[in-house]
Amino acid sequence: MLGLKLPTDPRWVDLAEKRLEDILTDHAYCEQKAATSCISLIQMYPDKEELVKNLAPIVTEEWGHFRLVLLELEKRNLKLGYQRKDEYVNELMKFEKKGGNREDRLLERLLICALIEARSCERFRLLSIHLAAEDLQDFYHKFMVSEAGHYRLFIDLAKNYFPERRVRERWQEYLVQEAKILSELELRGDRMH
């Protein structure tokens, strides 16, 4: 369904499980950044009524997810660490077409958001299946379902504002680039991406 060209290396879950405090910290900040990204899109495109209507509740949902991850850290007597640079997202942003008009930039941002949500969904699925702690399996299953919905929403918004063929072609370019990025990044258990 997600169309990702390169699955996550199965060793990632084992590494993540060994660094639970780090992975939960990174997850918390990913949720915070997702809320911020939606706020930024609303601020940049207040004239796009469908976008505003659909992203406003996502801001609340993502911030709620941030709080849920904080509670999970607290429940396990773990601490929220410092935010780290997200190499995966930074590499995706380098692929974004620069220049162009306001509309062109909207398509790029929607597709980047969709891709981040798709990869998060895939990673949450792995955690929901392979973590030893059953409560964490359930915890991550709920996040997986949510991220799948967000991925679809960003793709649907892109199709709402742009010709489907243009969206499909650019999406395929992003999927190929994302696989290249993932293959070149160090496999780390302290990062969601």
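Could you tell me the extents of the chain's C-alpha atoms along the three principal axes, largest first, rounded to whole Å?
Principal extents (Cα only, largest first): 47, 33, 28 Å.
How much length, in nm to one decimal, is gained on full extension between His141 and Glu173, taken as 0.36 nm per residue of separation minus their Cα-Cα distance?
Full extension from His141 to Glu173 adds 8.6 nm.
Could you pull out the pairs from Lys5/Lys53; Lys53/Lys85; Lys85/Lys180; Lys18/Lys75; Lys5/Lys48; Lys5/Lys85 whose alpha carbons sit more than 22 Å apart here?
In this structure, Lys5/Lys53; Lys53/Lys85; Lys5/Lys48; Lys5/Lys85 exceed 22 Å between Cα atoms.
Let me know the shape class of the stretch 77-137, please: from the alpha-carbon gyration tensor, a ≥ b ≥ c as square roots of the eigenvalues, rounded when a/c is under 1.5, otherwise prolate if a/b is greater than b/c, or oblate.
prolate
Under a point-charge model restricted to the Cβ atoms of Lys and Arg (+1) and Asp and Glu (-1), what is the dipole moment magnitude of the stretch 15-184 relative to its Cα centre, in debye to the nearest 20?
360 debye
Projected onto the charge dipole of the stretch 1-103 (+1 at Lys/Arg Cβ, -1 at Asp/Glu Cβ, origin at the Cα centre), which of Leu80, Leu68, Leu55 gives the Cα projection farthest towards the positive end?
The residue sitting most towards the positive pole is Leu80.
We did not get these values from a lab; they are worked out from the coordinates using the rules stated. Fair warning: this is a prediction, and the values are worked out from it, not measured in the lab. Ideal geometry is used to build each Cβ from the backbone, glycine not excepted, and the neighbour counts take in all protein chains shown.
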